[in-house]
Amino acid sequence: MRFTTRLLHEAFAPDAATGATTQPLYQTSAFYQPTAEEMARVFAGRKPGFVYTRVNNPTIARFEQRVNALEGGVGAVACASGMAAVSHAVLNILSQGDEILASGGLYGGTSSLFRDFASYGIGVRYAAGDSVADFRAALTERTRLIYIETIGNPKLDVVDIAALSVLAHAHGVPLFVDNTVTTPYLCQPLAHGADVVIHSTSKALNGNGNSIGGIVVSGGRFRWDAARFPKLREYPFGPMSYLVRLRLRMVTDYGGCMAPFNAYLTGIGLDTLALRLNRITANALSLATFFAARGERVNYPGLPEHPSHALAARQFGGRYGAMLTLRLGTRERAFRFIDALHYALNVSNIGDARTLVIHPASTIFLHASEEEKANAGVTDDLVRINVGLEDIEDLQEDFAQALDAR
C-alpha cells in the first residue's frame, strides 16, 4: 500500500461490535472483567484485555497502532503531551551518570527539559554542528543516546539520519529522532536507521489544534545491553525490552498517559494528514521563494541556498515541511511585523490548519540560556512562521503588507 491508503486502511477496520466506521470513543476510566481469575490474568499479561485507562484503552490502542504502522515500528505508546513523550522516552533508559548527546537546534521545551535532567545526575552535550564528525567529536564514555529532530525548531537544521545511526550503533547507543516537524508523510526515521521516534501529536498529526498528546514508536531492532542500560534488566525481551518497560513502568507508574478523547480527536485529524501536508508544504515553499525574491532574510530547507538543501531533498522526498523563519533586523521590527498580520495568528503552536507566527526569543526560548539560543539559531529579530492551508496569494499579500509596515 502507498502512504495515504496505508494511512486510511492499515491498523483500521470497522468496529467489530457495531460496524461503526469511525473509531469508537471509550471514555471510561476502568474496565470490567467477569471473574477475579480473568482480572488476575489480564493484570499478569496472560490474557489480552483492558483494566484501567492509565495502562491502556481501546481508543488509545487503536491510535497507537495507526501511528506505529505509518512509522514502520514494532509498537507505540501514546502519552499526555509531546513533552511527556520526550521525558518518558529518555528516562526509560537513562540513569544517574548517563549523558545525552543532542543536536544544537532542539525545540526550546526539549532543551529546557534536558537542562533540568542535571538535577537527576543526567548530563547533556550538544554537537557543535550538524555533521556526523561533529557528533563523533562530542561522544563520551557516558553517552547513552543520541537525540535529534528531523528539522530543528526553529533553527531548521537537518542531520543525516542514516549516517548518524551508523555512528550511534558503532558506539552501542540508540538514535532517538523527534519527527514532529516532518511527520511520517515526509520522513520515516526508522527506515533510515533510527531506533526510537517521538512525536508531539498535538501538531501536524492532529492538524486542528484541538488536543494535546505525544507518542513514542520503537523500531524494535536495537540490541539493548543490560550492562549499559540497567533499567531494562528486569525486562529480558530482547529488542522489545524498551517498549515493554516504557508502558509498564514509565507511562503506568508516572501517569503520563494520553486521554481517550484526545486519541479520538487526533485519530480523526490523522485521516487527512497526507492531503494537508501536500498543500502546506507547497504553500511553505511558495512563501519562502516569495520572501527570497523580495530580498528578505528567509531560512527554509526547500531553498537551494540552504546549507542542507540537498540532504533535505533526499531525506524528505522533495518536501521540506511547514516551518520557515525570517530575520527582520531588530526585536521591535519583529513585533511590528507580527502585529500587522491579518491572517497569520500569533500562536505558540505548529502544525495547525491555519498559518501561525511567533517570536521565539520572547516566548518558547524565554528561559533558555544564551548558549542554548545560539545553538538553536534564536535571535531577537527572528520570527518563526508555520504555514497553513490558506490560499497562497492571500498569504503572500498579507505578509507583504506586514513587511512593508515594519
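A short reminder: the numbers here are calculations on the coordinates, not readings from a lab. The structure displayed is predicted, hence computed values, not measured ones. For neighbour counting, all protein chains shown are included, and Cβ atoms are generated from backbone atoms with ideal geometry for every residue, glycine included.
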>> Checking the a/c ratio against 1.5 first, then a/b against b/c, what shape does the Cα gyration tensor give for segment 1-89?
In response: oblate
> Can you run phi through the Karplus equation (6.51, -1.76, 1.60; θ = phi - 60°) for segment 177-191 and list ³J(HN,Hα) in whole Hz, with x for Gly and Pro?
Replying inline: 10, 7, 9, 4, 5, 8, 6, x, 5, 8, 8, 10, x, 4, 5
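Taking neighbour Cβ counts within 10 Å as the exposure measure, how do R327, R245 sort from fewest upward?
R327, R245
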> Going by a ≥ b ≥ c, the root eigenvalues of the Cα gyration tensor, does segment 38-160 fall in the rounded group (a/c under 1.5), the prolate group (a/b larger than b/c) or the oblate group?
Replying inline: prolate
> Which of Y126, Y120 comes first, and how do the rest follow, when ranked by fewest Cβ neighbours within 10 Å?
Replying inline: Y120, Y126
> Under a straight-distance cross-link criterion of Cα-Cα below 29 Å, which lysines are reachable from K155, leaving out those fewer than 8 residues away in the same chain?
Replying inline: K203, K373
>> Can you tell me what share of the DSSP beta bridges in segment 273-404 is antiparallel? A percent to the nearest 5 is fine.
In response: 85
> Most exposed first by the Cβ proxy, i.e. fewest other Cβ within 10 Å, how do C79, C187 rank?
Replying inline: C187, C79
>> Starting from 0.36 nm per residue, how many nanometres of slack lie between A310 and E370 once their C-alpha separation is accounted for?
In response: 18.6 nm
>> Rounded to whole Å, give me the distance from the Cα center of segment 146-173 to that of segment 247-309.
In response: 18
> So how strong a dipole does the chain carry about its Cα centre when Lys and Arg Cβ are +1 and Asp and Glu Cβ are -1, to the nearest 20 debye?
Replying inline: 1020
> Summing Lys, Arg as +1 and Asp, Glu as -1, what charge do residues with Cβ under 12 Å from the Cβ of L139 carry, L139 excluded?
Replying inline: +1
> What net charge is computed for the residues neighbouring H359, neighbours being all others with C-beta under 13 Å from the C-beta of H359, Lys and Arg scored +1, Asp and Glu -1?
Replying inline: +2
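Rounded, prolate or oblate: which fits segment 343-406, taking a ≥ b ≥ c as square roots of the Cα gyration tensor eigenvalues, rounded meaning a/c under 1.5, else prolate when a/b beats b/c?
Prolate, since a/c reaches 1.5 and a/b exceeds b/c.
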> Can you give me the pair-distance distribution of segment 3-269, C-alpha pairs, 5 Å bins, whole percents?
Replying inline: 1, 6, 13, 17, 19, 17, 12, 8, 4, 2, 1, 0
> Quick one: length gained pulling D391 to E141 fully straight, 0.36 nm per residue minus the C-alpha distance?
Replying inline: 84.8 nm
> For segment 213-283, treating each Cα as an identical point scatterer without solvent, what Debye log10 I(q)/I(0) comes out at q = 0.11, 0.19, 0.20, 0.27 1/Å?
Replying inline: -0.45, -0.85, -0.88, -1.16
> At a Förster radius of 30 Å, what calculated FRET efficiency corresponds to the Cβ-Cβ distance of R233 and T35, to the nearest 0.05?
Replying inline: 0.35
>> Less than 9 Å Cβ to Cβ from V177, Lys/Arg counted +1 and Asp/Glu -1: what total charge do the surrounding residues give?
In response: -3
>> What lysines does K231 reach when the alpha-carbon gap must be under 29 Å and sequence neighbours fewer than 8 apart in one chain are set aside?
In response: K47
